[in-house]
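Notes for the one structure printed next.
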Amino acid sequence: EVALDAATRLWSEGLIRGNQSVRASAPKTNSPEEFDGSYDSYIPWQSILKVYVAGMGKDAAISLILGYIKSPRLMNWKKGFITTHFVNNAWSFATVDAFWTELDKRFKSPTDEYDAVQTLDNIRMGNKPAQDFFAEWEDLVSRAGMTASRNTPYMLKKLQIALNQSVLQMIYASGTIPADYAAWKARVIEVAKQHAIHQNTFLPRARPPP
């Protein structure tokens, strides 16, 4: 019980205000939703919170993240978690990533890796911005445990299948074929911008109604 009170006090009364200069460097985003404890909502919620606490100190970030876990059915778990990991007015985790790894054990779906692999087989860039596509692609690759193999012919072929096919054709028509994932990413972003400009310039615009 003492640890719970200390953690709440740490989060709400001092540590975050004490790190204002650090927090100011983080991206400005809307306040995240509370986490309901479900497998389906964990990964999207985690992704938002990682951006939200970027630039904060470790203890402030962890306390803030736990502040968004308020579901009544998780209160016993949360109390036990704080009692175990909040020691001498500090979190026992070496890094925020280590904290997330511990939360993954409790809230990440047992089928998340399989689900990510399946989604990789079906994801398509379409007309979405290239940066948005690659953010989604890299998240799925990481969840599928394939980050280390992203430069293999198999993964590069899978990436090409997922790309906007007009953009892909422009890359092959240029005669300069990227050799690895980083090169593909940079080239796609560049060519996608050219493709968007071409579309906006040359496609006929719909006439306004009379």
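So how much slack lies between residue 50 and residue 109, counting 0.36 nm per residue of separation and subtracting their Cα-Cα distance, in nm?
Values: separation 59, 0.36 × 59 = 21.24 nm, distance 1.82 nm.
So the extension gain works out to 19.4 nm.
Assuming 0.36 nm per residue, please report the length gained on full extension of the stretch residue 182 to residue 93 beyond their Cα-Cα distance. Mind dumping the intermediate values first?
Values: separation 89, 0.36 × 89 = 32.04 nm, distance 3.18 nm.
Length gained, residue 182 through residue 93: 28.9 nm.
How large is ³J(HN,Hα), in whole Hz, for each residue of the range 116-122 in order, when computed from phi with the Karplus curve 6.51 cos²θ - 1.76 cosθ + 1.60 and θ = phi - 60°, using x for Gly and Pro?
These are the phi-based 3J(HN,Hα) values: 5, 4, 5, 5, 4, 6, 10 Hz.
Mind listing the long-range amide H neighbours of residue 69? Cut-off is under 5 Å, sequence gap 5 or more, other chains count too, H placed in the peptide plane at 1.01 Å from N.
Amide H neighbours of residue 69, under 5 Å, 5+ apart: 35.
Modelled label-to-label distance, residue 189 and residue 124, 7 Å Cα→beta-carbon offset: nm?
2.5 nm
Output the peptides 127-134, 68-75 sorted from most to least packed, where packing is the average of other Cβ atoms within 10 Å over each peptide's residues.
Numbers: 127-134: 15.4, 68-75: 12.9.
So the peptides 127-134, 68-75, ranked by packing, come out 127-134, 68-75.
Quick one: if you stick a label point 7 Å off each Cα along the C-beta vector at residue 100 and residue 196, how many nm between them?
So the two model labels end up 2.6 nm from each other.
At residue 160 and residue 173, where each label point lies 7 Å from the Cα along Cα→Cβ, what is the point-to-point distance in nanometres?
About 1.7 nm, to one decimal.
Calculated FRET efficiency, residue 77 and residue 149, Cβ-Cβ r, R0 30 Å, to nearest 0.05? Intermediate results must be reported in sequence, preceding the final value.
Working: r = 35 Å, r/R0 = 1.16.
Once the sixth-power term is evaluated, E becomes 0.30.
Throughout, read-outs are computed from the coordinates displayed, never taken from laboratory work. Remember, it's a predicted structure, so these values are computed and weren't measured experimentally. Cβ: placed from backbone, ideal geometry, glycine included. Neighbour counts: every protein chain shown.
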